[in-house]
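Heads up: the structure comes next, in structure tokens.
The values are calculated or read from the model by the stated rules, or taken from the named source; none is laboratory data. The structure displayed is predicted, hence computed values, not measured ones. When we count neighbours, we look across all protein chains shown, and the Cβ atoms used for this are built from the backbone with ideal geometry, even at glycine.
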Amino acid sequence: MSGFQQAKIALVQLLGLPKDALHIYVGLAVFLAAAALFRRPLGSWLPIATVVAAALIGEAWDLIDTGASGARPHWDRNWHDVWNTCLWPAVLFVLARHTRLLSRRA
């Protein structure tokens, strides 16, 4: 088992969260951190692109680890993880971009 997989298991155990919840929290954290780090509004493409890239890289790593262990990939589970990671950041992105809900404007 790779260090990445061990770290994920340790994080799940430490926080007492199911893996699905961890994906949601990581997606939101990456989205907000990218917006702050790059000094971009939530409606900018850069924070959401960062989340999508992080989700795809994480799942690619999972697929590599799956192959290295000799197991067969479960594409539906990988897609589920990407979807879980990106959903709420995408909702916030759309709200920030197309409504005044997350806008600084009065």
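Would region 57-65 turn up any residue that is of a type outside the set (A, V, I, L, M, F, W, C), farther than 16 Å from ASP20 by Cα and over 13 Å from the mean Cα position of the chain (by Cα)?
Yes, there is a match, as at least one residue in region 57-65 is of a type outside the set (A, V, I, L, M, F, W, C), farther than 16 Å from ASP20 by Cα and over 13 Å from the mean Cα position of the chain (by Cα).
Being touching a residue at least 12 places away in the same chain (Cβ under 8 Å), outside any helix (DSSP H, G or I) and either surrounded by fewer than 12 Cβ atoms within 10 Å (Cβ to Cβ) or touching a helix residue (DSSP H, G or I) at 6+ places or on another chain (Cβ under 9 Å) (or both) narrows it down to one residue among LEU87, LEU56, LEU42, LEU32; which is it?
The conditions single out LEU42.
The rows are residues; the columns are (1) surrounded by 15 or more Cβ atoms within 10 Å (Cβ to Cβ); (2) assigned to a helix (DSSP H, G or I); (3) at pLDDT 95 or above.
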{"position": "GLY70", "(1), (2), (3)": "no, no, no"}
{"position": "PRO73", "(1), (2), (3)": "no, no, no"}
{"position": "ASN78", "(1), (2), (3)": "yes, yes, no"}
{"position": "VAL91", "(1), (2), (3)": "no, yes, yes"}
{"position": "ARG97", "(1), (2), (3)": "yes, yes, no"}
{"position": "LEU101", "(1), (2), (3)": "no, no, no"}
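Take LYS8 and decide whether it is under 30 Å from ARG97 (Cα atoms), among the basic types (Lys, Arg) and surrounded by 13 or more Cβ atoms within 10 Å (Cβ to Cβ). Before the answer, list the steps.
Details: under 30 Å from ARG97 (Cα atoms): no; among the basic types (Lys, Arg): yes; surrounded by 13 or more Cβ atoms within 10 Å (Cβ to Cβ): yes.
So LYS8 does not fit the description; no.
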